[in-house]
Amino acid sequence: MIWEVFRQEAAGDYHTHCGNVHAPDREMAKQFAVIQHGRRKPAHSLWVVPQDEVAEVDEDEADFGGSTDKSYRWAMTYNDVEPAAREVADSEAEQAEAGADRGDS
C-alpha cells in the first residue's frame with residue numbers, strides 16, 4: 001500500500017507534501033516516513049495518509065477564480081494629487097490672511 005507523507009517544518013507552518021512510502025499498515029508507514037522524510041531535514045510533525053484517501057480537484061473540474069478583472073481594486077486614477085495640494089495651499093493662505101486681518105498672531 002502507498003502512503004503519502006506531508007511534513008511540517010515548524011509549529012504553525014503548513015504541512016507540505018514531501019513524498020510517499022510503501023508500507024503494509026499505518027504503523028509501518030509512520031516508521032518509514034520518519035526514516036525517509038523526518039531525518040533529512042528537521043521536522044515538527046509528519047502526516048501519513050493512505051494514497052487512496054487523498055483526492056484531487058484540478059482546474060478542469062472546478063473554477064478556482066483568479067481570472068476575473070480586479071482593476072477596480074487599484075487606484076489607477078488617483079495619480080493627479082497636485083490640484084488638491086494646490087487647493088490646500090490656497091486654503092491655508094486664505095486662513096493666514098484672514099487671521100492677519102483679525103489681528104491674530
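Rule-based calculations on the coordinates, nothing more; no lab input. Treat the numbers as computed from the prediction; the structure is a model and nothing was measured. Positions of Cβ are backbone-derived with ideal geometry, glycine not excepted, and every protein chain shown enters the neighbour counts.
Normalised by the residues of the chain, what does the relative contact order come to in percent, with Cα pairs under 8 Å and at least six apart?
24 percent
Determine the calculated [θ] at 222 nm for the chain from helices alone, applying -39500 (n - 2.57) to every DSSP H run no shorter than 4 residues and normalising by the residue count; nearest 500 deg cm²/dmol.
-9000 deg cm²/dmol
Please report, to one decimal in angstroms, the Kirkwood hydrodynamic radius of the chain built from all distinct Cα-Cα pairs.
After inverting the mean inverse Cα-Cα distance, the result is 20.0 Å.
Just check the stretch 2-52 against the gyration tensor rule for me: Cα atoms, a ≥ b ≥ c as the square roots of the eigenvalues, rounded for a/c under 1.5, and otherwise prolate or oblate depending on whether a/b exceeds b/c.
In terms of gyration-tensor shape, prolate.
Where does helix 82-102 land angle-wise versus the long Cα axis of the chain, in degrees 0 to 90, nearest 10?
Relative to the chain, helix 82-102 is tipped by roughly 40 degrees.
Work through the residues other than HIS37 whose Cβ is under 12 Å from its Cβ and net out their charges, Lys, Arg +1 and Asp, Glu -1.
Around HIS37, the charge tally is +3.
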